[in-house]
Structure formats: structure tokens, C-alpha cells
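Engineer: First the structure, which I've put down as C-alpha cells, then a few questions once you've had a look.
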Amino acid sequence: AQSVAQPEDQVNVAEGNPLTVKCTYSVSGNPYLFWYVQYPNRGLQFLLKYITGDNLVKGSYGFEAEFNKSQTSFHLKKPSALVSDSALYFCAVRDRVGSNDYKLSFGAGTTVTVRA
Amino acid sequence: SAVISQKPSRDICQRGTSLTIQCQVDSQVTMMFWYRQQPGQSLTLIATANQGSEATYESGFVIDKFPISRPNLTFSTLTVSNMSPEDSSIYLCSVLTGLGNTIYFGEGSWLTVV
């Protein structure tokens, strides 16, 4: 079984400050990990992914995420948040075990509000 | 990435009716999926749309309620049958391309059942 936890329903930061959105996961084997963003009244947009290799992955709009196997975490970060980063962020995982099963499991989502 | 178009983008539907959502991709894709996002909730996989054969449904979803077609590598439909207000959700088409492990999503179809 695979699952994702996003422990914070909401994250509020001031523009220009660092932004962190937390994600922990549970899988049987090694994970594929993803972050998606959903702007108001829009679908999901892919931000970044961890498949293998360097634990720090960089993605769209200046976001990055760090894979930490020992803590089973994949926190999303941005060094300097913008008001336009205000959105709903989803972490998702897929287990490598049974790699023909492409089903993603999503976290509950974290609403990010960046105030000017 | 692939460009994924969904129709309709929004609709208000009467209780007891059915609605078919179309998903068109601008290139051939390996796999197509349908997800549901209920108000204020996360995403739940409804089914994997298989080309030329019956879709593979997740637990809690059945073909009679959510019939799915995928006649070719770029197109799929999801029908929401005999709708009730509980079916008010965003329905999202998603695809896995042959280039990697990333699943991309369409803009969604926002259905309200009254």
C-alpha cells in the first residue's frame, strides 16, 4: 500500500520569505514522488518529481524539493515566495514495486497563502 | 508534456441525468486515467482507461455508474450516470506519456448536480 501525508492544511507566509510545504510518504518499496499545484479554478499542474539520483530536485517556478529516505519525506521549498504562489499544493507518490501500476496516491493538499 | 483538453469545462446538471466528459490529447500517450476531486478534497482515481478494452476501476467505482471509453491512443470519455448531488465534483483526465514517469492533468470538468 502507498500513502501520503501533508500535515498542514494551510501555510501562510509573507512575500519574500521562504516557503516550505511538508510531505511524508509510505510505500512498500522505493518511491516515485511528485508535487502538483492547483491554482483557483484550474486543473493540476506538474511542478517537479523525484525518480532517482540527486536528492534535491528543482522544478517549475523556482520550486525545489528534497527527498529524504530516512525520514520518508519530500518537502517542497521555495527560497522567496511570491503572492502568485498562493494556491493548493498536492504531494503524490507511486510505489516502484509493481511498476506497471501507475496509480498515484495524493495527499490531502496544503493551501498556501502568500501575503503582500 | 502533453496538451490535454477536456469538454465540458463546467456544467450544471439535473439530478438523474447523465453527462459525458471528453478528453483529447495532442499526442499519443501510454496511459489515460480519470480522477475525481470532490469539493475541498484531494484526488481519487476512478479508473484507468484502456485502449480498446474495458477500463480498470478502482475500489468503490463501478462501470455502470462511470462508463469509460478509450477508442484510440489520444481520446477518452467518462460518463457520469444517473447523477445525484453527491456527484458534484471536478473530474480530471490525466495521461502518462511515453517519455517518463510523469502523469499530467487536464484542466478538469467542474460538474454541479442540482
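Engineer: Working carefully through the options A:LYS49, A:LYS58, A:LYS22, A:LYS103, find the one that is of a type in the set (Lys, Arg) and more than 25 Å from B:TYR35 (Cβ to Cβ).
Structural biologist: Numbers: A:LYS49 fails: more than 25 Å from B:TYR35 (Cβ to Cβ); A:LYS22 fails: more than 25 Å from B:TYR35 (Cβ to Cβ); A:LYS103 fails: more than 25 Å from B:TYR35 (Cβ to Cβ).
Testing whether each residue is of a type in the set (Lys, Arg) and more than 25 Å from B:TYR35 (Cβ to Cβ) leaves just A:LYS58.
Engineer: For the list (1) closer than 25 Å to A:PHE46 by Cβ; (2) buried (at least 21 other Cβ atoms within 10 Å of the Cβ), I need the number of the one condition that B:VAL80 fails.
Structural biologist: Condition not satisfied by B:VAL80: (1).
Engineer: Moving to a separate point now. Within the range B:89-104, track down each residue that is within 9 Å of chain A (Cβ to nearest Cβ), open to solvent by 10 Å² or more (accessible area, probe 1.4 Å) and modelled with pLDDT under 95.
Structural biologist: Answer for the range B:89-104, where residues must be within 9 Å of chain A (Cβ to nearest Cβ), open to solvent by 10 Å² or more (accessible area, probe 1.4 Å) and modelled with pLDDT under 95: B:GLY100, B:ASN101, B:TYR104.
Engineer: For the range B:33-58, how many residues are part of a loop (DSSP other than H, G, I, E, B) and under 12 Å from the mean Cα position of the chain (by Cα)? Show your work before the answer.
Structural biologist: From the range B:33-58, those part of a loop (DSSP other than H, G, I, E, B) are B:38-42, B:50-55, B:58; that's our starting set.
From what is left, the residues that are under 12 Å from the mean Cα position of the chain (by Cα) are B:55.
Matching residues across the range B:33-58 total 1.
Engineer: A further question follows. Could you check the range A:68-87 and list, in sequence order, the residues that are assigned to a loop (DSSP other than H, G, I, E, B) and either among the polar types (S, T, N, Q) or crowded, with 17+ Cβ neighbours inside 10 Å (or both)? Outline the logic, then answer.
Structural biologist: Pass one, the range A:68-87, residues assigned to a loop (DSSP other than H, G, I, E, B): A:69-72, A:79-82, A:86.
If the condition is that a residue be assigned to a loop (DSSP other than H, G, I, E, B) and either among the polar types (S, T, N, Q) or crowded, with 17+ Cβ neighbours inside 10 Å (or both), then A:SER70, A:GLN71, A:THR72, A:SER80, A:ALA81, A:SER86 are the ones that fit.
Engineer: Moving on to the next point. Show the residue pairs meeting these rules: Cβ distance below 8 Å; 6+ apart or different chains; first residue within the range A:15-29 and open to solvent by 50 Å² or more (accessible area, probe 1.4 Å); second residue among the charged types (D, E, K, R) and at pLDDT 95 or above.
Structural biologist: Matching pairs, first to second residue: A:GLU15/A:ARG115; A:PRO18/A:LYS77; A:PRO18/A:LYS78; A:THR20/A:LYS77; A:LYS22/A:GLU8.
Engineer: Right, something else. May I ask you to say which residue of A:PHE90, A:PHE46 is within 22 Å of B:ILE103 (Cβ to Cβ), open to solvent by 30 Å² or more (accessible area, probe 1.4 Å) and assigned to a strand (DSSP E or B)? Give the derivation first.
Structural biologist: Working: A:PHE90 fails: open to solvent by 30 Å² or more (accessible area, probe 1.4 Å).
So the residue among A:PHE90, A:PHE46 that is within 22 Å of B:ILE103 (Cβ to Cβ), open to solvent by 30 Å² or more (accessible area, probe 1.4 Å) and assigned to a strand (DSSP E or B) is A:PHE46.
Engineer: Within the range B:24-50, track down each residue that is more than 17 Å from A:ARG94 (Cβ to Cβ) and surrounded by fewer than 17 Cβ atoms within 10 Å (Cβ to Cβ).
Structural biologist: Those that are more than 17 Å from A:ARG94 (Cβ to Cβ) and surrounded by fewer than 17 Cβ atoms within 10 Å (Cβ to Cβ): B:GLN24, B:ASP26, B:SER27, B:GLN28, B:GLN38, B:PRO39, B:GLY40, B:GLN41, B:ASN50.
The values are calculated or read from the model by the stated rules, or taken from the named source; none is laboratory data. The structure presented is a predicted model; accordingly, all values stated were derived computationally and were not measured. We place every Cβ from the backbone using ideal geometry, glycine too, and count neighbours over all the protein chains shown. Keep in mind that these areas ignore ligands, DNA and RNA; they rest on the heavy atoms of the full protein, side chains included. Shrake-Rupley method; radii C 1.70, N 1.55, O 1.52, S 1.80 Å.
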